[in-house]
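Worksheet: the structure to be examined is printed underneath.
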Amino acid sequence: MQSEQHNLARELDQAWAGPPAAPSAGAPQGPAAPGDSLVGRLYIPKFDKEWVVVNGVRPDDIKYAPGHYPETAMPGQIGNFSVAGHRIKKIFWRLDELRPGDVIGVETRDSWYVYRVYDLDIVKPNQVEVVAAVPGKPSVKPTKALLTLTTCNPKYNRYQRLIVHAELARKVPRNPSPADAGMPPEMKAH
């Protein structure tokens, strides 16, 4: 598991070291374009954890990493950047320990996005409206940039989903230097 995350991190660093890929003609604006397999890094400083996030939530996509629901917003966009992860020790094992006010960060090629948790919920697996642009209100037009994390609940079972909602607190330009890439102080482990 750790070696797979290490390989994904190396792949992401190499992609970010090169010039940004030009969008292909007809590529969708908003959700990730097909072929964009890596979205960025997700940080939960409370746990001193970080993961490379892949684009996709099929079982093969999220075998070793959290996955971005492809039809949801990208980091920092108005809407709901939604990410699923397995409830295993190397991924979202401790998600239930997050509390309102806790920080979650997302690093992309150009920016850092600092989100603050505002709600945790437990729902049935078929309650997919939790990843709607406005969580729980699929027909409402979004006005905020949100982040939703989903995982199985309780641990070792799949009959519920633990949901963590967070709202974008601030955006910080990413320094392209490899040291700490201009990491906001909130992203440092507590």
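At a glance:
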item	result
Residue count for segment 52-61, restricted to those that are in contact with a strand residue (DSSP E or B) (Cβ under 6 Å, 6 or more places away or on another chain) and surrounded by fewer than 22 Cβ atoms within 10 Å (Cβ to Cβ)	4
Residue within segment 103-110 that is within 29 Å of GLY182 (Cβ to Cβ), without any contact (Cβ under 8 Å) to a residue 24 or more places away in the chain, of a type outside the set (Lys, Arg) and in a loop (DSSP other than H, G, I, E, B) present	no
Where PRO154 falls short, out of the listed (1) closer than 22 Å to VAL106 by Cβ; (2) modelled with pLDDT under 90	(1)
Filter result for ILE91 (assigned to a loop (DSSP other than H, G, I, E, B) and hydrophobic (A, V, I, L, M, F, W, C))	yes
Members of segment 70-87 found to be surrounded by fewer than 20 Cβ atoms within 10 Å (Cβ to Cβ), without any contact (Cβ under 8 Å) to a residue 60 or more places away in the chain and not charged (D, E, K, R), listed by number	PRO70
Criterion violated by GLN5 - all others in (1) part of a strand (DSSP E or B); (2) among the polar types (S, T, N, Q); (3) at pLDDT below 90 satisfied	(1)
Single residue of VAL114, VAL123 found to be over 17 Å from the mean Cα position of the chain (by Cα) and among the β-branched types (Val, Ile, Thr)	VAL123
Answer residue from segment 130-172, given it is among the polar types (S, T, N, Q) and in contact with a strand residue (DSSP E or B) (Cβ under 7 Å, 6 or more places away or on another chain) and is surrounded by the most Cβ atoms within 10 Å (Cβ to Cβ) among those	THR150
Some residue of segment 168-181 being assigned to a helix (DSSP H, G or I), touching a Gly at 6+ places or on another chain (Cβ under 9 Å) and at pLDDT below 90	no
Among residues of segment 54-73, those that are part of a loop (DSSP other than H, G, I, E, B) and touching a Gly at 6+ places or on another chain (Cβ under 7 Å), counted	8
Test: residue in segment 182-190 that is in contact with a Pro (Cβ under 7 Å, 6 or more places away or on another chain), of a type in the set (Lys, Arg) and under 16 Å from PHE47 (Cα atoms)	yes
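The values are calculated or read from the model by the stated rules, or taken from the named source; none is laboratory data. Quick caveat, the model's predicted, so the values are computed rather than measured. FYI the Cβ positions are ideal-geometry reconstructions off the backbone, even for glycines, and counts take in every protein chain you see.
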